[in-house]
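Read through the structure below, which is laid out as structure tokens, and then see the notes.
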Amino acid sequence: MTRFMLGSLAAIAVILVGGFFALRDVATQEAERDTRERVLIEGKLIEAAGLEDGVLTGDPRALAKLDDLVQGQILGESVVRVKVWSQDGTILYSDEPRLIGQRFALGEEEAELFETGGSDAELSDLGEPENRYERAEGKLLEAHTAIRTPDKTQVLFEIYQRFSSINASATEIVKTLAPPVLAGLLVLLLFQAPLAWRLARNLQRGHEERERLLAGAIEASDRERRRIASDLHDGVVQDLAGVAFGLAPLAADARRRGNDEEARVIDDAVDTLRQGVRDMRTLLVEIHPPRLETAGLEPVLHDLLSPLRKAGIETHLSVEEEPAAKELVYRVAGEALRNVLAHAQASRVDVTVTPTTLTVADDGRGFDAAERASRAEDGHVGLSLLTDLVAQSGGQLAVRSVPGTGTTVTLELAP
């Protein structure tokens, strides 16, 4: 729930910041469009009410009339400079008298307006010589449009507008649009919060239910294993031991009668029965080691390593601290060590136990993925089944093997 809410707040913050800049960009473009429209309107005003042919020749009366109109109707808080250009780049008029009569090269956009008409707006390059008297005004936006004198001579009308006024217009647009956008996002968050809370609670209940089911399954598995071990011990194992015990006198009686062949057959049968009893008892220990709860994990793992030591495999056991899930560690270790004894052809096995991990590593022949798949098809699915059991308990079981370099089985227990 916390991660969801933090993620939602982060997403809203990204939307707000990105939306602010996007709206500001749109607002700035809108303000620039307004500036282009403004220069068209004011150009029409100049063309209709203030522009005379005498401006082309520098007639003082015509310039004074134009200046009165510019000073009274156009210049203000926003527009700080007005210029009228001839097509050859001469400044015919400006509210800055020092510029009148000076000639500068027109830019491509300005020169194109004489051919296409319309208007254009762009940031002023205050480093240009014709803009030296505007540098004190800071960032400016200049807009141009072509107008005509009464004798139809084209001139270029230009205004310089403070960019701060553009920003102010953009800010006003952002202020207008931001509240409904912000309100919509907050409403969305308010709707999401109870849904997220309900989802989190459902997930938590599902997790708790899964934990209860898993605990019940493990407990049921342990009870069933104990029952099977008890039934085998009290039933089949005792019966086999009793049969072996009953046959032993028959072998002695056959020898007294001089029937060595009969005695040998009976002895072989007794040996087979006794070996079967030993194997059954070994199986009982594997199914449910009676010493796991009483003696702890380390002695039981020593018992699991005993068949490997008898087979001439060097073993090493290190138990730093017993984990809580001793039964799961025992089952994984038992399956891994049985595989080592049956398939690995190893000369050394290392078993390491920490509070959160079990590692069984051998130096045997190893195997590849194809061989493991083939074993699974033949019914050798012990580790695969344990993988599912480990996953259900919240842990991870990994088997890493490379042909010729051995195999490592690693169990990572849930914290």
Gain in span if fully extended, residue 298 to residue 347, counting 0.36 nm per residue against the direct Cα distance: 15.5 nm
Value of D in µm² per second that Stokes-Einstein yields for segment 1-94, Kirkwood Rh from Cα pairs, at 20 °C (1.002 mPa s): 127
Cα-based reach from residue 152 at 13 Å (exclusive), listing aspartates and glutamates while leaving out same-chain residues under 8 positions away: 47, 52, 53
Nitroxide proxy distance, nm - points 7 Å out along Cα→Cβ at residue 108 and residue 186: 5.0
FRET efficiency, 1/(1 + (r/R0)^6) with R0 22 Å, evaluated for residue 241 and residue 306 via beta carbons: 0.55
Angstrom value of the Kirkwood radius, inverse mean 1/r, which spans all Cα pairs in segment 41-171: 14.8
Residue-wise HN-Hα coupling along segment 121-126, computed from phi with Karplus coefficients 6.51, -1.76, 1.60 (Hz; x: Gly, Pro): 9, 7, 5, 6, 8, 6
Linear extension gain, residue 88 paired with residue 402, 0.36 nm per residue minus alpha-carbon span: 104.7 nm
Other-chain or far-sequence residues with amide H under 5 Å of residue 394's (modelled H): none
Lysines with Cα under 17 Å of residue 65, excluding same-chain neighbours fewer than 8 positions away: 44, 83
Loop-located trypsin sites (Lys or Arg not before Pro) in segment 119-154, at most 15 other Cβ atoms within 10 Å (DSSP): 139, 152
Extension reserve of the residue 316-residue 57 stretch, reckoned as 0.36 nm per residue once the Cα distance is removed: 82.3 nm
Per-pair calculated FRET efficiency, R0 = 56 Å: residue 210 and residue 248 via Cβ, rounded to 0.05: 0.55
Separation of the residue 278 and residue 153 label points, Cα + 7 Å toward Cβ, nm: 12.6
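No value in this document is a laboratory result; all are computed from the given coordinates. Just so you know, these numbers come straight off a predicted model, no measurement behind them. Neighbour counts are summed over all protein chains in view; Cβ atoms, including those assigned to glycine, are modelled from backbone coordinates with ideal geometry.
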